[in-house]
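Shown next, in structure tokens, is the structure this report addresses.
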Amino acid sequence: MTPRPADRESALRVLCFPPSREVIVAGSTRGPRALAAAVTAADRCTADPGPAAGATPLAAVEVRDAPGPVRIDADPAGRALRVRGDRAHRAALAAVLRDTAAMTAGGQVPADHYLDHPFLAEGSAPLVVESPHGGMPRRAAAP
């Protein structure tokens, strides 16, 4: 079903930037919360596949239980985001998604793997979760 225009604002948006492998998750409060629920339950959820300038919109998120830290992989050809990891590590990612959905101002939370990352596996695609109020606030132009 294609979302009605009024529903697009509340839809989950998952965008992939193939050259860098970066994935951006955005949407209203409901979108990232739905994704957090899918991550917690090792379930699947859908995302708004509408066009996005310079990015490949992904239409689905597929979450599987697997041993170890969370690995995030974008499949632009299959238009899916794949998330796999054990329950404890997925719970940490879900908490980031829920906390970002609860933000009261614009901003974003990056999740990039680094040595001893608390929940991301080495080789995981970089992830940016945007506040429901938009990404980073714009600065006023210099006079």
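The values are calculated or read from the model by the stated rules, or taken from the named source; none is laboratory data. Predicted model, so just to flag it, every value in this text is computed and none were measured. Using ideal geometry, Cβ is built from the backbone for each residue, glycine included, and neighbour counts are taken over all protein chains shown.
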Open item on the list: When you scan the range 49-60, do you find a residue that is in contact with a helix residue (DSSP H, G or I) (Cβ under 8 Å, 6 or more places away or on another chain) and crowded, with 16+ Cβ neighbours inside 10 Å, even just one?
Closed with: no
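At least 2 residues that are over 19 Å from residue 123 (Cβ atoms), in contact (Cβ under 8 Å) with a residue 60 or more places away in the chain and out of contact with any strand residue (DSSP E or B) (no Cβ under 6 Å at 6 or more places or on another chain) in each: list the strands (runs of 3 or more DSSP E) lying fully within the range 15-103 that qualify. Reasoning before the result, please.
Details: elements: 22-26, 44-46, 56-58, 60-65, 71-75, 80-85.
Passing ranges: none, list empty.
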Open item on the list: Just the residues that are modelled with pLDDT of 90 or more and more than 16 Å from the chain's Cα centre (by Cα), please, taken from the range 102-120.
Closed with: 114, 115, 116, 117, 118
Task: Residue in the range 79-97 that is nearest to residue 132 (Cα to Cα), counting only those that are surrounded by fewer than 17 Cβ atoms within 10 Å (Cβ to Cβ) and not small (Gly, Ala, Ser) - done: 79
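Which one is surrounded by the fewest Cβ atoms within 10 Å (Cβ to Cβ) among residues in the range 24-44 that are among the β-branched types (Val, Ile, Thr) and at pLDDT 95 or above? Outline the logic, then answer.
From the range 24-44, those among the β-branched types (Val, Ile, Thr) are 24-25, 29, 39-40; that's our starting set.
Narrowing the set further to residues that are at pLDDT 95 or above leaves 39-40.
Values: 39: 26, 40: 17.
Applying the filter and picking the extreme gives 40.
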